[in-house]
1. Add -39500 (n - 2.57) for each DSSP H run of 4 or more in the chain, then divide by its residues: what number comes out at 222 nm, to the nearest 500 deg cm²/dmol?
2. Just how large is the dipole of segment 105-197 about the Cα centre, in debye to the nearest 20, putting +1 at every Lys and Arg Cβ and -1 at every Asp and Glu Cβ?
3. How about LYS217: which aspartates and glutamates have a C-alpha closer than 19 Å to its C-alpha, ignoring those fewer than 8 places off in the same chain?
4. At 1.4 Å probe size, with the rest of the protein present, what percent of the exposed accessible area of the chain is carbon and sulfur atoms?
5. Provide the gained length on full extension for the span VAL181 to LYS49, in nm with one decimal, where the gain is 0.36 nm per separating residue minus the Cα-Cα distance.
6. Between ASP125 and GLU211, with labels modelled 7 Å along Cα→Cβ, what's the label distance in nm to one decimal, could you check?
7. In 5 Å bins starting at 0, how do the alpha-carbon pair distances of segment 225-264 split up by percent?
8. State the Cα centre-to-centre distance between segment 165-183 and segment 257-308 in whole Å.
Amino acid sequence: MSAVVIVGAQWGDEGKGKIVDIYTEFAEVVVRYAGGPNAGHTLVVGDEKLIVRLLPSGILRRETLCVLGQGMVVDPQVLVGEIDELRRRGHENVEERLLLSERAHLILPYHIELDSLRESSAPQDRAIGTTKKGIGPAYEDKVRRTGIRAGELRDLDRLAQRVAAALEAWAPTMKALGGRVPEVSEIIEPLRPLAARLVPLLGNASVVTEEAIRSGKRVMLEGAQGTLLDVDHGTYPFVTSSSAVAGGAAIGAGIGPNRISTVLGITKAYTTRVGSGPFPTELDDEDGKHLQKVGDEFGSVTRRPRRTGWLDLPALRYAARVNGIDGLALTKLDVLTGLEKVKVCVAYDTPQGRVTDLPIDQLDDERVRPVYEELEGWTENLEGARVLEQLPPAARNYVRFLEEGAGVPVYLVSVGPSRAATIVLHNPFVGRAAAP
Ligand code: GDP
Ligand code: IMO
Ligand code: MG
């Protein structure tokens, strides 16, 4: 019995898509457990590059069942668009392999409108820098108990009544922000053709996932965003609105926490962040530009430039703790090639003295400063490496330093965007494995 969680250990975009795609070779089912189309997970297979936002990253494996779990917020238009894009690209049996949890919440046009209005009217120091995909308002509707669930697409007349109630609840906010409250029919009519496409995909994701695990199938639980964007454990309030951490996987997939056998954390060899909020190791110099340019650090969803900075070991240890990370996948090591020296944050100086834990609730205090250790860089191109021994000594030393500093073993090192550019040290499904 094995269900493996893939969780972002930083502020998102760690390369989760690639890692899920790699390990899905060994899994029969992939369940996305949180978030919505704020995610952009990049898959590079041969000459093909695909960015999925709602579809689980197992979608390019023809045999894999892909489940959109109940922890997600799903924009019907985006989902149908993604399915059609895959069909256009010649991928077969996509819909046959998809299951949409009837309990996942829907993102409807008023959520997107509210997200945009709020972001553009907030004073600069309070804007979150959201993806404006309606994520926050959709999750707010869920906890306010005015949300619409995917299963309700089966009966659009009833759904119309529930939308009317939601619009009534949102109307004062909409008006205060200068927005227009839409008519119910403006929401329902465009939904008809989308509902016709999505109703056949509906099902009980909890039952399907539990049965898969019980019958010995291997299940991957795919996270979105990252630990530091988690609504409880992130850099609040500059976070997303879902439980991105590994604990969210049980809730979002509808299984018990004891079904999870391994938690795999994904971290870049450095750090990036899109949107506002504290980022202590952020760089504003030539090294930062190197990371952005060589790492092609532009948001997969919004194309916004990602902020870049050095690796933060206290943050990684924090992520290891709140997720229970068993092993790490280290991505984008190749991007550090060409830097003379590579710095790593190992501790923080705070008004209370030097600490090695992440002072997460003090990060906006300018007296809280990262303490760095400097390591030798390297100049060799890493993309062809398939075993650790093929990495130059300085790069191997970096991996070892990270492993020791994080207190967690490295299971995989990624040295390029493609499936092939990977060093697999440990496979959580089958033990030791050769590189794919
Ligand atoms: P996700 O949201 O965690 O799935 O990550 P994204 O797909 O948003 O961003 C990761 C980016 O890095 C994508 O453009 C990937 O193609 C790319 N990528 C992943 N692993 C590597 C790697 O090891 N090296 C390089 N150079 N790029 C990588
Ligand atoms: P993946 O799954 C990086 C960030 C936004 C913003 C904050 C809140 O590709 O790693 P939201 O639209 O969720 O209300 O925005 O969270 N954010 C991400 N940053 N990768 C993501 O997803 C993100 N999803 C949301 O930039 O700062
Ligand atoms: Mg991404």
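The values are calculated or read from the model by the stated rules, or taken from the named source; none is laboratory data. Fair warning: this is a prediction, and the values are worked out from it, not measured in the lab. Don't worry about glycine lacking a Cβ; one is built from the backbone with ideal geometry, like all the others, and counts go over all protein chains shown. Note: areas computed on protein heavy atoms with side chains; ligands, DNA, RNA excluded. Shrake-Rupley method; radii C 1.70, N 1.55, O 1.52, S 1.80 Å.
1. Value at 222 nm, helices only: -9500 deg cm²/dmol.
2. For this selection, approximately 240 debye.
3. ASP21, GLU25, GLU28, GLU63, GLU96
4. Answer for the chain is 48 percent, counting heavy atoms of protein chains only.
5. In short, 43.6 nm is gained.
6. In this crude label model, ASP125 to GLU211 measures out at 5.5 nm.
7. Calculated P(r), rounded to whole percents: 6, 27, 27, 18, 15, 6, 1.
8. The two parts, judged by their Cα centres, are 35 Å apart.
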